[in-house]
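The values are calculated or read from the model by the stated rules, or taken from the named source; none is laboratory data. Not measured: the values here are computed from a predicted model. As a convention, Cβ positions derive from the backbone with ideal geometry for all residues, glycine included, and neighbour counts pool all protein chains shown.
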Amino acid sequence: MPLLPVDSEHSAIFQCLEGHKRAQVHRILLTASGGPFRQTPQEGLASVTVEDALNHPTWKMGAKITIDSATLMNKGLEIIEARWLFDVQSSQVQVVVHPQSIIHSMVEYVDGSVIAQLGVADMGIPILYALNHPDRLPWPDERLDLTKVGALTFEAPDPVRFPCLRLAREALSAGGCAPAILNAANEVAVAAFLKGHVRFIQIADLIARALDRVSPRPLDSIETCVDVDTETRRLVESWLPAAAAAGSPGRVVR
């Protein structure tokens, strides 16, 4: 049974790949909205609140993935997913910030042609496609009107303001259990931020520390993955304030 992606970006890539030879793919262009802090100066990130981070400009999502979008960790995880889902090298997956969230991702081929998948920002569309592939059923809701959208803009992500992208690539390059360490540390750090126990910029700090401290041993079994996940979560939780461990609304780590 084939594995069909449901996430909007990977669904877009899948659709752009259909009918083409994988060997002729030059690169995948993974689009990102840029989140709520796309234009926030680096010094401003130290004081953002949970409410600020949950105010996504395009998508309505749960709290955890909304924070991931604010740190761009969602794109880091999507780089890892795309590398394995589509059997390409990490260097072939590039992130492009596209604030309008109309182009959900693109594939560039060796001849220079770029194929994109466009649509309104509604997760129902990729879900509908996955459930009915290879058929397409009528979409009953809002449709894309490019005359109303106007301009589509693109920019490169800022690796200094959004270090989670770099950390994800480092975990992918390290291989083994490193991506599992990345994911576990991120989940604990984001939960701590949502509870007010750490600052926004400390999310990346905690992840980097975990990647440095937990050995990325070979991923040779499900049991190994579970063990590394558990080890990472316990370690990151041990770095949080005592109030966080006790479950009370404590101070922010400085």
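List of remarks:
- Count - residues of the stretch 113-128 that are without any contact (Cβ under 8 Å) to a residue 12 or more places away in the chain and either surrounded by 18 or more Cβ atoms within 10 Å (Cβ to Cβ) or over 13 Å from His20 (Cα atoms) (or both): 1
- Scanning the stretch 168-211 for residues that are of a type outside the set (A, V, I, L, M, F, W, C), part of a helix (DSSP H, G or I), within 15 Å of Leu45 (Cα to Cα) and touching a Phe, Trp or Tyr at 6+ places or on another chain (Cβ under 9 Å) yields a single hit, Gln202.
- Scanning the stretch 213-227 for residues that are under 15 Å from Ser238 (Cβ atoms) and either outside any loop (DSSP other than H, G, I, E, B) or touching a strand residue (DSSP E or B) at 6+ places or on another chain (Cβ under 9 Å) (or both) turns up just one, Arg213.
So that you can scan it fast, the table gives a plain yes or no per residue for (1) among the acidic types (Asp, Glu); (2) outside the structural domain of Gln92 (by TED's automatic domain parsing); (3) closer than 15 Å to Leu72 by Cβ:
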position	(1), (2), (3)
Glu18	yes, no, no
Arg27	no, no, no
Ala32	no, no, yes
Gly35	no, no, yes
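- Number of the exception - Gly176 against (1) touching a Gly at 6+ places or on another chain (Cβ under 6 Å); (2) at positive phi: (1)
- Check on Leu165, at pLDDT 95 or above, assigned to a loop (DSSP other than H, G, I, E, B) and surrounded by 12 or more Cβ atoms within 10 Å (Cβ to Cβ): no
- Cβ-Cβ under 6 Å pairs, at least 6 apart or on other chains, the stretch 129-149 side surrounded by 10 or more Cβ atoms within 10 Å (Cβ to Cβ), far side assigned to a loop (DSSP other than H, G, I, E, B): Ala130/Leu4; Ala130/Val6; His133/Leu4; Glu142/Val120; Leu144/Gly119; Leu144/Val120; Val149/Ile102
This table checks each residue for (1) in contact with an Asp or Glu (Cβ under 7 Å, 6 or more places away or on another chain); (2) within 14 Å of His10 (Cα to Cα); (3) of a type outside the set (A, V, I, L, M, F, W, C); (4) in the same structural domain as Cys16 (by TED's automatic domain parsing).
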| residue | (1), (2), (3), (4) |
| --- | --- |
| Ser91 | no, no, yes, yes |
| Gln94 | no, yes, yes, yes |
| Val97 | yes, no, no, yes |
| Glu108 | no, no, yes, yes |
| Gly112 | no, no, yes, yes |
| Leu118 | no, yes, no, yes |
| Asp135 | no, no, yes, yes |
| Pro140 | no, no, yes, yes |
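- Residues in the stretch 199-221 that are crowded, with 20+ Cβ neighbours inside 10 Å and over 30 Å from Glu51 (Cβ atoms): Val214 alone.
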